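A.B. asks: Got a structure here, written out as structure tokens. Questions coming.
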Amino acid sequence: MFLNKIKLFLAISICLIFFFLTYNDVKSDEPKIISGIAKVIDGDTIKIEKNKIRLFGIDAPEKKQQCQKSWLSIFFLTLNKNYKCGEISTNKLRIKIDNKFVICKSSNKDRYNRFIAECFKDKTNINRWMVSSGYAVAYRKYSKKFVSQENLAKKKKLGLWSGKFEMPWEWRKKN
């Protein structure tokens, strides 16, 4: 009888240890909800408490990136001027969500240990808003989810699409 209690205790202990060791693997596939007051890092990255979050499916110009837009057009001659499109992208996101309550839904992390997430302020999808306003582009390498918003922004010549710019991933390769 005493030996049976020990065997039962060992069997239960082994099952519990196995459960706790494998639980994290099961749990990691579930979407993680991160919510709180957002701080904008750049046009496609925010921070909520200690969690860095990369906005899923979009790519925004880097802070130091410059773009061009028409400054003066006379008949067939167009003069362009450089502007800090990376700073503008960051500032537009900052105006939209900085120091405001944001909810993000993430299912994985990137190689820099940032959560990859879709984020919402009230009912507004921030990722979608950045692309549809022309302050970011659809990051087709990882998702085609925001391509239609990009096409609409391009058609309306919003944000980046009002001039000439280098895709952020191409600019990063060169700089």
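The values are calculated or read from the model by the stated rules, or taken from the named source; none is laboratory data. Everything numeric in this text was worked out from a predicted model, so none of it was measured. No Cβ is skipped: glycine too gets one built from the backbone with ideal geometry, and neighbour counts run over all protein chains shown.
A.B. asks: Do the conditions hold for residue 108, that is, is it closer than 30 Å to residue 36 by Cβ, part of a helix (DSSP H, G or I) and free of Cβ contacts under 8 Å to residues at least 12 places away in the same chain?
C.D. replies: no
A.B. asks: Scan (1) part of a helix (DSSP H, G or I); (2) within 18 Å of residue 166 (Cα to Cα) for the single condition residue 64 breaks and write down its number.
C.D. replies: Failing condition for residue 64: (1).
A.B. asks: Can I ask one more? Any idea which of (1) within 25 Å of residue 32 (Cβ to Cβ); (2) buried (at least 22 other Cβ atoms within 10 Å of the Cβ); (3) β-branched (Val, Ile, Thr) is the one residue 116 doesn't satisfy?
C.D. replies: (2) is the only condition that residue 116 fails.
A.B. asks: Please state which of the following conditions residue 85 fails to meet, knowing it meets all the rest: (1) among the hydrophobic types (A, V, I, L, M, F, W, C); (2) in contact with a Ser or Thr (Cβ under 8 Å, 6 or more places away or on another chain); (3) touching a residue at least 60 places away in the same chain (Cβ under 8 Å).
C.D. replies: It fails just one condition, (2).
A.B. asks: Would you confirm whether any residue within region 69-91 is surrounded by 15 or more Cβ atoms within 10 Å (Cβ to Cβ), at pLDDT 95 or above and acidic (Asp, Glu)?
C.D. replies: Yes: one or more hits.
A.B. asks: Hey, another quick one. If I go through region 111-141 residue by residue, how many of them are closer than 28 Å to residue 69 by Cα and part of a loop (DSSP other than H, G, I, E, B)?
C.D. replies: Of the residues in region 111-141, 7 are closer than 28 Å to residue 69 by Cα and part of a loop (DSSP other than H, G, I, E, B).
A.B. asks: Out of 132, 143, 148, I need the residue that is at pLDDT 95 or above, assigned by TED's automatic domain parsing to the domain that holds residue 65, among the hydroxyl-bearing types (Ser, Thr, Tyr) and closer than 20 Å to residue 95 by Cβ. Which one?
C.D. replies: 132
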